[in-house]
Amino acid sequence: MKRVVVSRLFNVLCDWEDAIATSTMLYIDKVRKDKNLFIVMDNCSLQDILFYDASYPFIDYVIACNGSLVYDCVKKKIKFKKKLLLSTIKKINKLSCKKYYYTESLKKNEYLDTDDVYKIDLVDYTDSDLEIVKKLNVNYYVHDNIIEINRVSKYDALTKLLKDKYDKNSIISIGYDDSDKEVINNTCGYLVKKGENNNKIVEKILKEYF
């Protein structure tokens, strides 16, 4: 039976600015050599993830910006994307809190009318900011005094990508925060804690299945 592994990159496979351990890469190679898929999902921009895939390719697909952008690393093309509506961005821009805008390649602290925006982070938001976000037709997650806003959940993006070719028991997922829970709960999922030498936990999980 062919399987799919879906993992967060940062805080799971590696920490920010750290390389992925060689031992972890060897386990990922073992996953992929039998034509199983290795998918990376994260809340950052596409280019942040592709940086790690450049020198030693190990990813089949990327789910970036919490699900708003899916990229085929083998064919090197975007599978699908769903940017935030301009009307939604205008409403968010009226909020007084700090904002970060995620384009295909960048995380920016200012918005330009020419930008295609796939995700927005609200930092140091107020209760009234949160109430406004709740009334918008968006997908959002709240953590560490940040609201992450986009249009497609990671699970919806994963479901669209795999097109019912794999059942729940053949998808192994590894995440660490609320934005991963829907994927975790609908697959053979593992939720790890931030900062716990997680690459060793990943290796243990992969060893169990492959």
I need a count of the residues in the stretch 140-171 that are in a strand (DSSP E or B) and crowded, with 20+ Cβ neighbours inside 10 Å.
5
Pairing a residue in the stretch 125-141 that is at negative phi and of a type in the set (Ser, Thr, Tyr) with any residue that is at pLDDT below 95 and crowded, with 18+ Cβ neighbours inside 10 Å, where Cβ atoms lie under 6 Å and the two sit 6 or more apart in sequence or on different chains, gives 141/179
Go through (1) under 13 Å from the mean Cα position of the chain (by Cα); (2) more than 20 Å from residue 149 (Cβ to Cβ) for residue 20 and report which single condition fails.
(1)
Sole residue being buried (at least 19 other Cβ atoms within 10 Å of the Cβ), under 16 Å from the mean Cα position of the chain (by Cα), farther than 19 Å from residue 184 by Cα and of a type outside the set (A, V, I, L, M), chosen from 61, 71:
71
From 52, 56, residue being surrounded by fewer than 22 Cβ atoms within 10 Å (Cβ to Cβ), at pLDDT 90 or above and in a loop (DSSP other than H, G, I, E, B)
56
Top-ranked residue of the stretch 98-121 - restricted to ones that are without any contact (Cβ under 8 Å) to a residue 60 or more places away in the chain and of a type in the set (S, T, N, Q), ranked as farthest from residue 87 (Cα to Cα):
109
Can you list residue pairs whose Cβ atoms sit under 7 Å apart, with the first residue in the stretch 54-68 being among the basic types (Lys, Arg) and the second being part of a strand (DSSP E or B)? Count only pairs 6 or more apart in sequence or on different chains.
none
Tell me the residue from 50, 37, 46 that is in contact with an Asp or Glu (Cβ under 6 Å, 6 or more places away or on another chain), without any contact (Cβ under 8 Å) to a residue 40 or more places away in the chain and either hydrophobic (A, V, I, L, M, F, W, C) or more than 15 Å from residue 161 (Cβ to Cβ) (or both), please.
37
Quick test for you: out of 132, 174, 184, pick the one residue that is more than 21 Å from residue 104 (Cβ to Cβ), assigned by TED's automatic domain parsing to the domain that holds residue 11 and part of a helix (DSSP H, G or I).
184
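The values are calculated or read from the model by the stated rules, or taken from the named source; none is laboratory data. All of these numbers come straight from a predicted model, not from anything done at the bench. Quick reminder, even Gly has a Cβ in these numbers, built from the backbone with ideal geometry, and neighbours come from all protein chains shown.
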